[in-house]
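Presented below is the structure to which this report refers.
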Amino acid sequence: RGFLVQKMRYLLKRAVADRPPDDAELQAHLERHRDRYVQPARVTFWHVFLASDPRGMARDGEARELLDRLGAAATSPAEAVRFGDPFPLGPYRRAQAIPELARVFGPDFAGALGAVGSGAWAGPVRSPFGLHLVWVEETQAERLPPLETVRSRVLAEWTEERRAARLAEEVRALRAKYAVRVEARGEGQG
């Protein structure tokens with residue numbers, strides 16, 4: 001019986017012959033479901049890394065002194081990295097998504113980076129690795145991609161949504177046509 005129900009649902013969904021949506025309908029779907037498509041904010045930055053000392057103590061005082069020195073001398077980011085410790089992932093990160101930064105550097109680091117303005121040294125910003133003095137080169141706000149770049153995905157989801165809605169209508173119509181009676185086991189058996 002379950003197989004029959006599944007087969008009928010499949011046939012009803014397949015029988016739906018909708019006209020293809022126009023761009024306005026697809027754009028409306030994209031905006032209505034923006035959480036599925038939105039591209040996260042991104043940031044391009046340099047950082048001077050100061051590892052925690054061997055006892056696990058952060059080097060806050062040293063970081064603040066270095067920050068003052070970098071700001072006063074108007075040191076370029078490429079030159080400034082030589083004042084820090086080597087960082088395994090490098091001193092420059094280009095167009096990194098904020099969720100990816102949170103995964104690599106921790107949520108506190110990613111959150112702090114979102115508040116840093118472009119074109120000046122800021123920090124120290126703490127991560128699980130140690131302290132970072134950060135120069136934000138560029139930030140890109142969270143954005144909804146243009147329809148053209150996600151058209152096939154939007155069309156597939158729009159079509160599936162439409163088919164599911166039509167299936168629900170057809171099932172309601174079929175249920176309205178027929179009287180459904182549920183008998184308890186043993187009734188009518190003589």
What number goes with the only condition from (1) outside any helix (DSSP H, G or I); (2) under 18 Å from Glu142 (Cβ atoms); (3) open to solvent by less than 40 Å² (accessible area, probe 1.4 Å) that Gly90 does not pass? (2)
Show the residue pairs meeting these rules: Cβ distance below 6 Å; 6+ apart or different chains; first residue within segment 148-174 and within 15 Å of Leu30 (Cβ to Cβ); second residue among the aromatic types (Phe, Trp, Tyr) and surrounded by 14 or more Cβ atoms within 10 Å (Cβ to Cβ). Val150/Tyr37
Picking from Ala120, Ala78, Ala74, Ala112, which residue would you name as being open to solvent by 80 Å² or more (accessible area, probe 1.4 Å), small (Gly, Ala, Ser) and over 16 Å from Gln39 (Cβ atoms)? Ala74
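Please determine, by comparing only the residues of segment 123-137 that are open to solvent by 80 Å² or more (accessible area, probe 1.4 Å) and assigned to a strand (DSSP E or B), which one is nearest to Ser76 (Cα to Cα). Talk me through it step by step, then tell me what you get.
Step one: of segment 123-137, the residues open to solvent by 80 Å² or more (accessible area, probe 1.4 Å) are 126, 128-129, 137.
Checking the rest, the ones that are also assigned to a strand (DSSP E or B) come to 126, 137.
Numbers: Arg126: 21, Glu137: 11 Å.
The selected residue is Glu137.
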When Pro145 is run through (1) part of a helix (DSSP H, G or I); (2) open to solvent by less than 20 Å² (accessible area, probe 1.4 Å), the failure sits at (1)
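I need a count of the residues in segment 148-169 that are of a type in the set (Asp, Glu) and surrounded by 17 or more Cβ atoms within 10 Å (Cβ to Cβ).
1
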For the subset of segment 57-74 comprising residues that are within 34 Å of the chain's Cα centre (by Cα) and not in a helix (DSSP H, G or I), which member is modelled with the highest pLDDT? Arg59
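The values are calculated or read from the model by the stated rules, or taken from the named source; none is laboratory data. From a predicted model like this one, the values you see are computed outputs, not experimental measurements. Here Cβ is always computed from backbone atoms with ideal geometry, including for glycine, and neighbour counts include all displayed protein chains. All accessible areas refer to the heavy atoms of the entire protein, side chains included, with ligands and DNA or RNA removed. Shrake-Rupley method; radii C 1.70, N 1.55, O 1.52, S 1.80 Å.
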